[in-house]
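First up is the structure itself, then whatever we jot down about it.
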Amino acid sequence: MADIPMTLLRAPANGAAQPLEGWPGLSLRDGMHLALRAASVPLFLDGVFANRRVTTAKSKAHPFLGTRWKCVEVAGEPGLWRLLCQNNDDYCLGADTPAVGLEKSDPDYVLTGLKWLLYRRGDHLMIRSKGGVWLGCKRGAPFCAPLDDLDDVRHHWVPEVYW
């Protein structure tokens, strides 16, 4: 993958959906819902409301409802997103290196660990917090860490559209 460029994904300026080549059915837009499957293992990123944890699930089917993530563009900061678990502002994907959890977010004041940059790298998605750590999955568990190797598949995700 060393020759594959990395592209920062942004919502279109006019708010219309923008199809992304190579990802059938995925249109990048504010409010899109997707599932994130780890590229290194067949597991999905899963938010668990009961204890504000982020873990992994073996499928998107019931009872793993926390595998649905809504991408919400951060107002005034093009390219930055909040990832809301099940469309709920009280449960945003948050990073506190190396831990990953669900955090409450105020849309007017979004903490650095709750703001994410989404990058396309080939047919994978790479996710970096505004603070500079990358979302990954190792030994079946999500984690955040600095990244020195773009080819480290533990930091690669495969996006799948819910709607």
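The table below gives the values:
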read-out	value
Those residues of segment 41-64 which are over 14 Å from L102 (Cβ atoms) and open to solvent by 50 Å² or more (accessible area, probe 1.4 Å), in sequence order	P42, K58, K60, A61, H62, P63, F64
Scope segment 86-103; condition at pLDDT below 85 and in contact with a strand residue (DSSP E or B) (Cβ under 7 Å, 6 or more places away or on another chain); matching residues	N87, T97
Verdict on S105 being crowded, with 21+ Cβ neighbours inside 10 Å and out of contact with any Ser or Thr (no Cβ under 8 Å at 6 or more places or on another chain)	yes
Test: residue in segment 66-74 that is open to solvent by less than 20 Å² (accessible area, probe 1.4 Å), touching a Ser or Thr at 6+ places or on another chain (Cβ under 9 Å), polar (S, T, N, Q) and under 18 Å from M6 (Cβ atoms)	no
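The values are calculated or read from the model by the stated rules, or taken from the named source; none is laboratory data. Small disclaimer: the values here were computed from a predicted structure and weren't measured. Backbone-built Cβ (ideal geometry, glycine too); neighbour counts: all protein chains shown. The area values use the complete protein model at the heavy-atom level, side chains included, leaving out ligands, DNA and RNA. Shrake-Rupley method; radii C 1.70, N 1.55, O 1.52, S 1.80 Å.
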